[in-house]
Amino acid sequence: MEAIRVERSEGLVTVALDRPEKKNAIDAAIWNGLDRVLAEVALDPNDVKKSRIDLQAGMPAEVIVPTRPRTLFEYLLGPLRDEITRAFRER
């Protein structure tokens, strides 16, 4: 069984660790596998053409790594908390 599961659907790539016996701990082999998988993730040129955003080199990207289930309260207020956190970062 592969410890890193990759699913692609409609422009979304989901990468999941599947090692419950190790509590999804990341060791050197998993780290190298994640590096390989993330290097393979690329934009589909057709998706870029359909986008309403003018993509340019150097634009920031956001990666969401779900680590645990969230409550409704966390789900609703999480984006607000994230924006407040980003607002006080020095650039």
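The values are calculated or read from the model by the stated rules, or taken from the named source; none is laboratory data. What you see is a predicted model, and the numbers here were worked out from it, not measured in a lab. Virtual Cβ from ideal backbone geometry, glycine too; neighbours counted across all protein chains shown.
Scanning segment 50-83 for residues that are within 29 Å of Ile26 (Cβ to Cβ) and surrounded by 10 or more Cβ atoms within 10 Å (Cβ to Cβ) returns Arg70, Glu74, Tyr75, Leu77, Gly78, Arg81, Asp82.
Residues being of a type in the set (S, T, N, Q), at pLDDT 75 or above and either touching an Asp or Glu at 6+ places or on another chain (Cβ under 7 Å) or part of a loop (DSSP other than H, G, I, E, B) (or both) are entirely absent from segment 30-43. In segment 9-29, what residues are modelled with pLDDT of 80 or more and either over 21 Å from Thr67 (Cα atoms) or among the basic types (Lys, Arg) (or both)? Answer for segment 9-29, where residues must be modelled with pLDDT of 80 or more and either over 21 Å from Thr67 (Cα atoms) or among the basic types (Lys, Arg) (or both): just Arg19. Taking first residues from segment 16-31 that are under 10 Å from Glu2 (Cα atoms) and exposed (fewer than 13 other Cβ atoms within 10 Å of the Cβ) and partners that are of a type outside the set (A, V, I, L, M) and at pLDDT 80 or above, the Cβ contacts under 8 Å between residues at least 6 apart in sequence or on separate chains come to Asp18/Arg5.
Of all residues in segment 44-56, those satisfying the criterion of being at pLDDT below 75 and part of a helix (DSSP H, G or I) are Pro45, Asp47, Val48. Any idea how many residues of segment 3-17 are part of a loop (DSSP other than H, G, I, E, B) and touching an Asp or Glu at 6+ places or on another chain (Cβ under 7 Å)? Matching residues across segment 3-17 total 2.
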